[in-house]
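Undergrad: Provided herewith is a single structure, encoded as structure tokens, for subsequent inquiry.
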Amino acid sequence: MRRLRRTPALRRLVAETRLSVDDLVAPLFVADGLDEPRPIDSLPGVVQHTLDSLAAEVRRLAGLGVPGVLLFGLPLPAQKDAVGSQAYASDGIVQRGIEVVRQAVGESVVVMADCCLDEFTDHGHCGVVDPATGAVDNDATLPLYGEVARAQAAAGADVIAPSGMMDGQVGAIRAALDADGRVDTAVMAYAAKYASALYGPFREAVDVAIADGGDRRGYQQDGRNRREAIDEVALDIAEGADLVMVKPALTYLDVIADVRAAVSVPVAAYHVSGEYAMVCAAAERGWIDGPAVALEQVGAVKRAGADVIATYFAGQLAEALGG
Ligand code: PBG
């Protein structure tokens, strides 16, 4: 074995896993009402974009060869309501962001849109809340996801990415898209999305606090469950998902490997905000070599079987890997 590890060229020749810029998707935030991009404390190097800075960033990523972006939006705080109506308003911030990105880079970058309500609801849940129980009402949420998907597709999104973990969300979205004749718009299901403590910095990024100290354990998966992910993925594929996603990535590498073995559609993994923030924080203290750890982590996600990797390191990795 060691004979094949002797030189960089030998190691390169026999490497089983080849992380490439082609694997990467950059999550991006666009906020309504900003005059200039706003840094996010817990995600160093990531910002809430204005429409102008969003266009510039996507042009930069396109130049680096990054093939996809995943858009999240922040409405004006005063526009949040119980049903998240800005998520599906034709002039909602995500829809405007999609249009601006399209104008900037045409079809050279795949535009994915996160399809959820939490950034737009005043209670911070991913669906509508049943006033009687205080719990998220799965079935009442589905038509709203259909509306969000229609608005995003009309704005020009290539891929709709439902992240709310409602049962039946992929089917509802597929039906809504087809009814509009958007048969070419793809769906990337956040199929196995776990209720994780690693989403903290993201919630700062999108300014979401869940009402009454609530959490998402009633709809996102329990981290103790591995087999269940296969059922979630199978249901989403049966409902029409074109890609399926596992999230977070590093704490669920076993799930990524299982899903890769079980299905033939492309498998995406989301290296989430907390995973990024931990690397940045330790690197800032000089405790680890940040770029090397980023490469090792994202490389592990690829080795586990992910075909598509959403990561806040996308731009940095693209620079390091060379487009
Ligand atoms: C929900 C959503 C979340 C993330 C992506 N989509 C947050 C949540 O489920 O609470 C988290 C992404 C990250 O942490 O990077 N719209």
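The values are calculated or read from the model by the stated rules, or taken from the named source; none is laboratory data. These figures come from a predicted structure and were not determined experimentally. Neighbour counts are summed over all protein chains in view; Cβ atoms, including those assigned to glycine, are modelled from backbone coordinates with ideal geometry. Accessible surface is based on the protein model in full, side chains and every heavy atom, while ligands, DNA and RNA are left aside. Shrake-Rupley method; radii C 1.70, N 1.55, O 1.52, S 1.80 Å.
Undergrad: For region 172-277, what does the accessible surface come to per residue with a 1.4 Å probe? Please give it in Å².
TA: On the way: 4420 Å² over 106 residues.
Per residue, region 172-277 has an accessible area of 42 Å².
Undergrad: Related question: Compute the relative contact order of region 80-144 as a whole-number percentage, counting only Cα pairs closer than 8 Å that sit 6 or more residues apart in sequence. Don't skip to the answer; put the middle values down first.
TA: Values: 67 pairs, mean separation 22.4, N = 65.
Averaging sequence separation for qualifying contacts and normalising by length gives 34 percent for region 80-144.
Undergrad: Exposed loop GluC sites (Glu not before Pro) only (DSSP loop, at most 13 other Cβ atoms within 10 Å): please give the longest stretch of the chain free of them, not including the sites.
TA: 108-323
Undergrad: Distance between the C-alpha centers of region 88-161 and region 239-312? Whole Å please.
TA: 23 Å
Undergrad: For region 19-321, what does the relative contact order come out to in percent, with C-alpha contacts under 8 Å and a separation of six or more? Let's see the in-between values first.
TA: On the way: 631 pairs, mean separation 56.8, N = 303.
Rounded, it is 19 percent for region 19-321.
Undergrad: For region 260-323, state which chymotrypsin sites (Phe, Trp or Tyr not before Pro) are in a DSSP loop and have at most 10 other beta carbons lying within 10 Å of their beta carbon. Walk me through the numbers on the way to the answer.
TA: Values: sites: Tyr270, Tyr276, Trp287, Tyr312, Phe313; in loops: Trp287, Tyr312, Phe313.
Loop-located and lightly packed - Trp287.
Undergrad: Peptides 179-185, 24-30: what's the order by average Cβ count within 10 Å, highest mean first? Numbers along the way, then the final one.
TA: Details: 179-185: 12.9, 24-30: 25.6.
Listed from highest to lowest mean packing, they are 24-30, 179-185.
Undergrad: Moving on. Within the accessible area of the chain, what % is carbon and sulfur when the probe is 1.4 Å and the other protein chains stay in place? Mind showing how you got there, number by number?
TA: Details: 7250 of 14230 Å².
With neighbouring chains kept in place, the figure for the chain is 51 percent.
Undergrad: Still on this structure, I have one more. Can you tell me how region 19-321 classifies by the Cα gyration tensor, rounded, prolate or oblate, using a/c under 1.5 as the rounded cut? Present the calculation step by step, with values, prior to reporting the outcome.
TA: Values: a/c = 1.27, a/b = 1.13, b/c = 1.12.
Since a/c stays below 1.5, the shape of region 19-321 is classed as rounded.
Undergrad: Output ³J(HN,Hα) for region 110-119: one whole-Hz value per residue in order, computed from phi by the Karplus curve 6.51 cos²θ - 1.76 cosθ + 1.60 with θ = phi - 60°, and x for Gly and Pro.
TA: Taking θ as phi minus 60°, the curve returns 6, 9, 9, 10, 5, 10, 7, 10, 4, 6 Hz for region 110-119.
Undergrad: For the chain, list the DSSP H helices whose alpha carbon atoms reach 24 Å or more along the long axis and whose average Kyte-Doolittle value is -1.0 or above? Provide the component values of the computation, followed by the final result.
TA: Values: long enough: 138-155 (26 Å, 0.01).
Answer set is 138-155.
Undergrad: Check each of the trypsin sites (Lys or Arg not before Pro) in region 13-77 and keep only those in coil by DSSP with at most 13 other C-beta atoms within 10 angstrom; list them in order. Write down the numbers at each step before the final one.
TA: On the way: sites: Arg18, Arg59, Arg60; in loops: Arg18.
Qualifying residues, ordered by number: Arg18.
Undergrad: Counting each DSSP H run of 4 or more residues in the chain as -39500 (n - 2.57), what helix-only mean residue ellipticity at 222 nm follows after dividing by all residues, to the nearest 500 deg cm²/dmol? Show your work: numbers first, answer last.
TA: Details: 11 runs with 126 residues, N = 323.
Roughly -12000 deg cm²/dmol at 222 nm, from the helical runs in the chain.
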